[in-house]
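The block underneath contains the structure these notes are about, expressed in structure tokens.
The values are calculated or read from the model by the stated rules, or taken from the named source; none is laboratory data. A quick note: this is a predicted structure, and the numbers were derived from the prediction, not measured. Glycine also receives a Cβ, built like all others from the backbone with ideal geometry; neighbour counts cover every protein chain displayed.
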Amino acid sequence: MTRTLFTSAAFLALVSGNPALAQTPTRDDLADLVRAQAAEIASLRQRVDALEAERHTVAAATAPQQAAPVQVASAEPVKTAPPVAVSTLPYAPQLLPPGPAERDIERVRAAAVAATGSSTEWGQGLPVFHSADGMFSFKPRGRIITDVSTTSGSKYDGRNLTTTGMRALRLGLEGTVGTHFFYQLESDFSENEVDIVTAFMGWRNRISPGMDYDVRVGHLFNDRSFEGSTGSDSTPFLERTVVATAIIPQRAFYGLGVMPRLFWKTGHASLTVTGDRIDGDQTSSDNRTVLGRVHWNPVKTDGQVLHLGIWGFDEHLNPGKNALTRSTVIGGRFNGNLRLSTGTLIGGTGTTGYGVELGGYTGPLWVMAEAGERHARLDGGRPDFVTQAWSVSGGFFLTGDLPPYNPRLGSFGQPKVKRPIFEGGPGAIELTARYENLEFKDIATPAQGWAATLGVNWYLNSFTRFQVNAVHWNTENTAGAYTGKDDGETLSARVGVTF
């Protein structure tokens, strides 16, 4: 009874609330009602179609664009190339329609890209910014390398020092415009000085499949010898070999000029023409340096590489910029009294140097041998000042990681750590050893020395490392405060981060 009364009341309320049903409907009334319902269904279908179109538009706007990895030209370990527009890719990524829970997130991302015209990703600790169309990219750069060193055993108390220093404290940037134009700028603030180091712009392009080139103009890092072409953040020891530090133009590691480079699948060649380093002296002509290098990998597989290299340079020195004085590191950078020195030597007219490289790796084991010679020409008919250097280095990764060899540039770069500690792994652990020999001769104040180094490197990930080097050194100078034969030990440690 109660159910009947409730149903009757609901029916009366429905009829009284709808004038069309308050009276007995005619056939025309029913036809009008059917037409109204059909129009409402058509309107609802249009709204559903519009929502589906909006969903597909949002999915396409948030689809990730792929970038082709190309090395930005520099001495520092290997870098990523600018993003390429999706329309230039040989295929488009497959996209799955987003589920209901993903739609709001996609709309937020699409709105952010539409509002800013850019996107951001993270690589090696710093953000990489890309424009929405893939035309522009920008990445900050940074390098922090801190050393501590202690020396003992020398017969001179002045050489038995404990010191600290910043091997590098760099800030910079790199970027691309389109697929061809790129640029890079870095300043170094270490050792209480502000120094412009890398600063260039460049153009790159492909000649044919497997062969490309780039041309860089600006303040350029030398492409000279294996470790001389390796950045300070990528060397397997705390200091480069004596081949890299002594068989070198008088202007040292940098010069302002132009460097075209050609790359193929198994090697590269470069030619550099520069003046002096960046400075504020325009009262006399720059010195001129021409430098070339070629490296070749006759064996190149996933687990093995054979490296061959040759290089050479010729330098013209102008009056007023012709000092040839040398004071070369032999047992540690941050002991200023531990050097091989020539004493004051002026009157140079030019230098010519050349060298060879032979090495490679198989699995976690690598070996590299280098040798070089430099002739410095003196005025007044004096004989050339000759520098000779050679070294043999090697390393073994206990964790099975591959050596960080860069086959594009023929140098070391940042390692690719298989199991970083930040992901629960041990990182990469490397044992290293080196012997090197250096001699200054055919001058009134000759010098010679050698050093043997044992080291351990622990790479926490691809851009963070701890290094320890134990060096036994031997020197024989005939100029300066520390003359005669001397030997001792230097223990050095480093922590380094590269972004």
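Hey, could you check segment 381-405 for residues that are of a type in the set (S, T, N, Q) and buried (at least 17 other Cβ atoms within 10 Å of the Cβ) and say which is nearest to ASN322 (Cα to Cα)? Per the criteria, the residue is THR387.
Listed here are the residues, each with its yes/no results for (1) over 30 Å from LEU340 (Cβ atoms); (2) under 30 Å from the mean Cα position of the chain (by Cα); (3) part of a strand (DSSP E or B); (4) at pLDDT 90 or above.
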position: SER87; (1), (2), (3), (4): yes, yes, no, no
position: TYR91; (1), (2), (3), (4): yes, yes, no, no
position: PRO97; (1), (2), (3), (4): yes, no, no, no
position: ARG109; (1), (2), (3), (4): yes, yes, no, no
position: SER119; (1), (2), (3), (4): yes, yes, yes, no
position: ARG143; (1), (2), (3), (4): no, yes, yes, yes
position: ASP147; (1), (2), (3), (4): no, yes, yes, yes
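For segment 199-253, the tally of residues that are within 30 Å of GLY320 (Cβ to Cβ) and not hydroxyl-bearing (Ser, Thr, Tyr) stands at 24. Out of (1) touching a Pro at 6+ places or on another chain (Cβ under 7 Å); (2) at pLDDT 90 or above; (3) assigned to a strand (DSSP E or B); (4) not small (Gly, Ala, Ser), what's the single condition that is false for HIS130? Failed condition: (2).
The residue that is farthest from THR241 (Cα to Cα), among those in segment 377-407 that are part of a loop (DSSP other than H, G, I, E, B) and among the aliphatic types (A, V, I, L, M), is LEU398. I'd like the residue in segment 453-467 that is under 13 Å from PRO404 (Cβ atoms), in a strand (DSSP E or B) and among the polar types (S, T, N, Q) and, out of all such residues, is modelled with the lowest pLDDT. Result: ASN461. Strands (runs of 3 or more DSSP E) fully within segment 325-371 that include at least 2 residues being under 20 Å from ALA252 (Cα atoms) and without any contact (Cβ under 8 Å) to a residue 40 or more places away in the chain: 348-362.
Would you confirm whether or not segment 231-241 contains a residue that is free of Cβ contacts under 8 Å to residues at least 40 places away in the same chain and not acidic (Asp, Glu)? Walk me through it before giving the result.
Residues of segment 231-241 that are free of Cβ contacts under 8 Å to residues at least 40 places away in the same chain, as a first pass: 240.
Cutting the leftovers down to not acidic (Asp, Glu) gives us 240.
Within segment 231-241, one or more residues are free of Cβ contacts under 8 Å to residues at least 40 places away in the same chain and not acidic (Asp, Glu).
Taken as a whole, the condition of being at positive phi and modelled with pLDDT of 95 or more does not apply to GLY125. Annotation note: Cβ proximity below 8 Å between a residue of segment 148-166 that is closer than 19 Å to LEU238 by Cβ and a residue that is modelled with pLDDT under 95 and basic (Lys, Arg) (sequence gap 6+ or interchain) occurs for SER149/ARG333; GLY165/ARG333. Against the conditions (1) in contact with a helix residue (DSSP H, G or I) (Cβ under 9 Å, 6 or more places away or on another chain); (2) surrounded by fewer than 23 Cβ atoms within 10 Å (Cβ to Cβ); (3) over 29 Å from ASP486 (Cβ atoms), GLY165 satisfies every one except (3). On the stretch given as segment 286-309, residues that are in a strand (DSSP E or B) and over 30 Å from GLY400 (Cα atoms) total 6.
Conditions (1) free of Cβ contacts under 8 Å to residues at least 40 places away in the same chain; (2) touching a helix residue (DSSP H, G or I) at 6+ places or on another chain (Cβ under 7 Å), marked per residue:
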position: GLN448; (1), (2): no, no
position: ALA452; (1), (2): yes, no
position: ASN457; (1), (2): no, no
position: ASN469; (1), (2): no, no
position: THR475; (1), (2): no, no
position: ALA479; (1), (2): no, no
position: TYR482; (1), (2): no, yes
position: LYS485; (1), (2): yes, no
position: SER492; (1), (2): no, no
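In segment 264-285, the residues that are part of a loop (DSSP other than H, G, I, E, B) reach residues that are among the hydrophobic types (A, V, I, L, M, F, W, C) with C-beta atoms within less than 7 angstrom, at least six apart or across chains, in these pairs: THR266/TRP296; GLY275/LEU256; ASP276/LEU256; ARG277/LEU256; ILE278/ILE196; ILE278/LEU256.
For every residue, the table says whether it meets (1) within 27 Å of the chain's Cα centre (by Cα); (2) of a type in the set (S, T, N, Q); (3) buried (at least 17 other Cβ atoms within 10 Å of the Cβ); (4) under 25 Å from SER341 (Cβ atoms).
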| residue | (1), (2), (3), (4) |
| --- | --- |
| LYS418 | yes, no, no, no |
| PRO426 | yes, no, no, no |
| GLU430 | yes, no, yes, no |
| LYS441 | no, no, no, yes |
| ALA451 | no, no, yes, yes |
| SER462 | yes, yes, yes, no |
| ARG465 | yes, no, yes, no |
| TRP473 | no, no, yes, yes |
